[in-house]
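What follows is a set of notes on a single structure, which appears directly below.
No value in this document is a laboratory result; all are computed from the given coordinates. The structure presented is a predicted model; accordingly, all values stated were derived computationally and were not measured. Here Cβ is always computed from backbone atoms with ideal geometry, including for glycine, and neighbour counts include all displayed protein chains.
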Amino acid sequence: MKKYFLMCAFMCALNSIAQNVTVVDAASVKEIAKASSKKNTLFYTFGIWCEPCRLHLPTAIKLAKDHDLNFYVIIVDSEKSETTQKAVSFLKEQYKDIKIAVLSDAAYGEKTKKRNKKFVSEITPPQFEDIDDFSKYILLNQKGEVIMVTTWKDNRDNDWHDDSKMVQKRIVPLLKK
């Protein structure tokens, strides 16, 4: 009976996550940008366990609001993982109307590092360095073209706790074009 109760609780939790989260891969990220009524769409990669992800999230949200961007947080953990559940809860508690996506298990498997590496490799155009880090800004235009993918190197001359200078230098100029 206890196993049955735990399984029901787990399935209910997954169902509530599924109602609030869009499952994505690199191709669907581009389709979301194409379907947007906004000129640009910003995706921000996130793991609840990632300190830079949590620290930089307010900057990403401010950027999206200040520049009228369509905005999604992409959770890098497996669709069914406990960390994804925690991330969704954290995001919804902090930011009620936030749009959340999670990388597809079917496309990327379940191991966080491998799935992130594959996604980043697929989404990063050749003109940008392909580094599979987290707390990444991915900016697309309404044609579904990736116009920026940031890496930790973009913020290396600044305090790692604050990426606002990197955002002002690397992303904002692209939004003014």
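Straight-line cross-link partners of Lys143 among the aspartates and glutamates, defined as a Cα under 12 Å from its Cα and at least 8 positions apart when in the same chain: Glu31. Among His67, His56, His161, which comes first, then next, by fewest other beta-carbon atoms within 10 Å? By the 10 Å Cβ count, ascending, the order reads His161, His67, His56.
Taking the DSSP beta bridges with both ends in the chain, the antiparallel portion is around 40 percent. Spread over its residues, the convex hull of the C-alpha atoms of the chain is 115 Å³ per residue.
Phi angles across region 144-160 convert, under the Karplus curve 6.51 cos²θ - 1.76 cosθ + 1.60 with θ = phi - 60°, into 3J(HN,Hα) values of x, 8, 7, 10, 6, 9, 8, 9, 4, 5, 5, 10, 5, 8, 10, 5, 5 Hz, Gly and Pro given as x. Available extension along the chain between Gln168 and Glu122 is 14.0 nm, counting 0.36 nm per residue and deducting the alpha carbon span.
Using 21 Å as the Cα-Cα cut-off, could you pick out the over-long pairs in Lys86/Lys113; Lys111/Lys165; Lys80/Lys113? Correct reply: Lys111/Lys165.
Counted residue by residue at 0.36 nm each, then reduced by the alpha carbon distance between them, the extension gain from Lys153 to Lys177 reaches 6.3 nm. Here the dipole of region 2-175 is about 300 debye; that uses its Cα centre as origin and unit charges on the Cβ of Lys and Arg (positive) and Asp and Glu (negative). Computed over the alpha carbons of region 55-159, Rg followed by Dmax gives 14.0, 37 Å. Shown in residue order for region 163-176 are the 3J(HN,Hα) couplings computed by the Karplus curve 6.51 cos²θ - 1.76 cosθ + 1.60 at θ = phi - 60°: 9, 5, 5, 4, 4, 5, 7, 9, 9, 3, x, 5, 7, 8 Hz (x for Gly and Pro). If you take the Cα centroid of region 131-177 and the Cα centroid of region 78-106, the two points sit 22 Å apart. The slack in the chain from Glu110 to Leu55, taken as 0.36 nm per residue of separation less the alpha-carbon distance, amounts to 17.3 nm. Among the listed pairs Lys65/Lys99; Lys30/Lys169; Lys38/Lys62; Lys92/Lys114; Lys114/Lys153; Lys39/Lys176, those with a Cα-Cα distance over 18 Å are Lys30/Lys169; Lys92/Lys114; Lys114/Lys153. Taking amide H as placed 1.01 Å from N in the peptide plane, Val21 has no amide H partner under 5 Å among residues 5 or more places away or on another chain. Database remark: amide H of Met148 closer than 5 angstrom to the amide H of Leu139 (H placed geometrically; neighbours at sequence offset of 5 or more, or on other chains; Pro and chain starts carry no H). Of all aspartates and glutamates in the structure, the ones whose alpha carbon falls short of 17 Å from that of Lys118, not counting any fewer than 8 places away in one chain, are Asp25, Asp77, Glu79, Asp105, Glu110, Glu129, Asp130, Asp132, Asp133.
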